[in-house]
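Enquirer: One structure is given below, represented as structure tokens, and several questions about it will come after.
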Number of protein chains: 2
Amino acid sequence: MRRDVFQAIADPTRREIIGLLANNPMNLTSVTENFNISQPAISKHMKILIECGLISVEKQGRERYCEVKLDSLNEVEEWLAPFRKMWEQRFDQLDQLLIKMQSKSKNEQ
Amino acid sequence: MRRDVFQAIADPTRREIIGLLANNPMNLTSVTENFNISQPAISKHMKILIECGLISVEKQGRERYCEVKLDSLNEVEEWLAPFRKMWEQRFDQLDQLLIKMQSKSKNEQ
DNA sequence: TAATTTTATAACCGAATAGTTATATATTAA
DNA sequence: TTAATATATAACTATTCGGTTATAAAATTA
């Protein structure tokens with residue numbers, strides 16, 4: 001079973017759970033109340049999120065408080081970084097081209 | 001069938017394909033040579049990548065030249081952005097705490 | 001102690017995923 | 001024209017995914 005951050009955030013419900021918990025940590029029942037799926041389904045999503053370090057759980061009596069571990073998203077961040085750099089570079093090149101074209105048209109006036 | 005960028009980059013082979021093509025565009029056969037899976041398997045991955053705008057294909061004779069569309073990764077970037085912000089904020093708070101603690105220990109000397 | 005609440009787990013189901021092999025269809029080269 | 005090359009597609013398979021219901025276990029409340 002592949003179990004990594006990329007696979008974890010592929011599911012829209014899990015992305016929502018992350019967003020929900022980033023704002024305020026809460027227990028599993030509260031998380032469940034925010035969705036139209038059963039508690040076991042949420043438990044399963046949680047298991048995946050926990051297994052790849054996206055969420056941590058603290059036992060408090062019979063409840064389990066769930067919290068997002070934001071730094072675990074770093075793996076995605078790092079994969080994305082070089083592409084963002086290339087993308088920005090392209091924009092810079094486009095900018096320079098536009099500047100060149102503008103100064104050229106000025107000279108022609 | 002869900003088909004979005006998050007699901008597309010969930011597969012490690014597809015992430016590799018994106019990385020490969022970001023460096024230099026190439027045809028499907030060349031992409032295939034970089035992996036230990038069959039040509040139809042690569043074709044299927046390509047279909048998914050094309051369908052969610054991560055890759056564009058240009059027909060050139062019997063070959064198909066494949067190119068990454070970097071801006072399509074923006075969806076991931078945008079989802080990640082607020083979390084990165086929160087994450088940085090936490091570091092800032094930690095920094096401020098450390099500064100406070102340092103100045104306090106200085107006063108105590 | 002009995003009832004309630006919170007969570008986990010088992011067993012199941014249909015659909016999706018990631019691969020395979022075989023084959024068809026263009027296009028190019030001999 | 002025939003052979004070779006590049007790609008697409010069909011049919012199949014095993015596994016995973018995302019959900020369900022039923023039930024168990026642990027902790028809390030009445």
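The values are calculated or read from the model by the stated rules, or taken from the named source; none is laboratory data. No experiment lies behind these values; they were computed from the predicted model shown. Cβ coordinates were reconstructed from backbone atoms using ideal geometry, including for glycine residues, and neighbour counts include every protein chain displayed. The accessibility values were calculated without ligands, DNA or RNA, using every heavy atom of the protein model including side chains. Shrake-Rupley method; radii C 1.70, N 1.55, O 1.52, S 1.80 Å.
Enquirer: How many residues does region B:33-57 hold that are open to solvent by 20 Å² or more (accessible area, probe 1.4 Å) and farther than 16 Å from B:L70 by Cβ?
Expert: 15
Enquirer: Cβ contacts < 7 Å: first residue touching a residue at least 60 places away in the same chain (Cβ under 8 Å), restricted to region A:7-26; second residue surrounded by fewer than 19 Cβ atoms within 10 Å (Cβ to Cβ), any location; separation 6+ or different chain. Result?
Expert: Here the result reads A:I9/A:R15, each pair linking region A:7-26 to a residue that is surrounded by fewer than 19 Cβ atoms within 10 Å (Cβ to Cβ).
Enquirer: Could you please find all residues in region A:76-109 being at pLDDT 95 or above and open to solvent by less than 90 Å² (accessible area, probe 1.4 Å)?
Expert: Answer for region A:76-109, where residues must be at pLDDT 95 or above and open to solvent by less than 90 Å² (accessible area, probe 1.4 Å): A:V76, A:E77, A:W79, A:L80, A:A81, A:P82, A:F83.
Enquirer: Right, next: Say whether the condition of being more than 11 Å from DNA strand C (Cβ to nearest atom), farther than 27 Å from A:E77 by Cβ and either of a type outside the set (D, E, K, R) or within 13 Å of chain B (Cβ to nearest Cβ) (or both) is met by at least one residue in region A:17-28.
Expert: No, there is no match, as no residue in region A:17-28 is more than 11 Å from DNA strand C (Cβ to nearest atom), farther than 27 Å from A:E77 by Cβ and either of a type outside the set (D, E, K, R) or within 13 Å of chain B (Cβ to nearest Cβ) (or both).
Enquirer: Hey, another quick one. State the number of residues belonging to region A:48-75 that are farther than 16 Å from A:P25 by Cβ and charged (D, E, K, R).
Expert: Qualifying residue count, region A:48-75: 3.
Enquirer: Then there is this: Which of (1) within 14 Å of chain A (Cβ to nearest Cβ); (2) part of a helix (DSSP H, G or I); (3) more than 16 Å from the chain's Cα centre (by Cα) is the odd one out, the single condition B:S43 does not satisfy?
Expert: (1)
Enquirer: Would you point out the residue of region B:56-87, among those that are within 25 Å of A:R15 (Cα to Cα) and of a type in the set (K, R), that is nearest to the chain's Cα centre (by Cα)?
Expert: Across region B:56-87, the extreme among qualifying residues is B:K69.
Enquirer: Please indicate, with yes or no, whether at least one residue in region B:79-100 is assigned to a helix (DSSP H, G or I) and touching a Phe, Trp or Tyr at 6+ places or on another chain (Cβ under 7 Å).
Expert: Scanning region B:79-100 turns up no residue that is assigned to a helix (DSSP H, G or I) and touching a Phe, Trp or Tyr at 6+ places or on another chain (Cβ under 7 Å).
Enquirer: Just the residues that are away from DNA strand C (no atom under 13 Å from the Cβ) and either open to solvent by less than 60 Å² (accessible area, probe 1.4 Å) or of a type in the set (G, A, S) (or both), please, taken from region B:58-72.
Expert: Once the filter is applied, which keeps residues that are away from DNA strand C (no atom under 13 Å from the Cβ) and either open to solvent by less than 60 Å² (accessible area, probe 1.4 Å) or of a type in the set (G, A, S) (or both), region B:58-72 yields B:C66, B:V68, B:L70, B:S72.
Enquirer: While we're looking at this one, here's another question. Being farther than 24 Å from B:I9 by Cα and among the β-branched types (V, I, T) is the filter here; which residues of region A:1-55 pass it?
Expert: A:T29, A:V31, A:T32, A:I37
Enquirer: Which condition does B:T32 not pass, out of (1) within 27 Å of A:R3 (Cβ to Cβ); (2) part of a helix (DSSP H, G or I); (3) within 12 Å of DNA strand C (Cβ to nearest atom), if it passes all the others?
Expert: (1)
Enquirer: Another question, then. Is at least one residue of region B:64-82 within 10 Å of DNA strand D (Cβ to nearest atom), touching a helix residue (DSSP H, G or I) at 6+ places or on another chain (Cβ under 8 Å) and either within 9 Å of chain A (Cβ to nearest Cβ) or at negative phi (or both)?
Expert: Checked against the condition, which is being within 10 Å of DNA strand D (Cβ to nearest atom), touching a helix residue (DSSP H, G or I) at 6+ places or on another chain (Cβ under 8 Å) and either within 9 Å of chain A (Cβ to nearest Cβ) or at negative phi (or both), region B:64-82 yields at least one hit.
Enquirer: Then there's this: Which residues, counting only those in region B:31-63, are among the hydroxyl-bearing types (S, T, Y) and within 11 Å of DNA strand D (Cβ to nearest atom)?
Expert: Correct list: B:T32, B:S38, B:S43.
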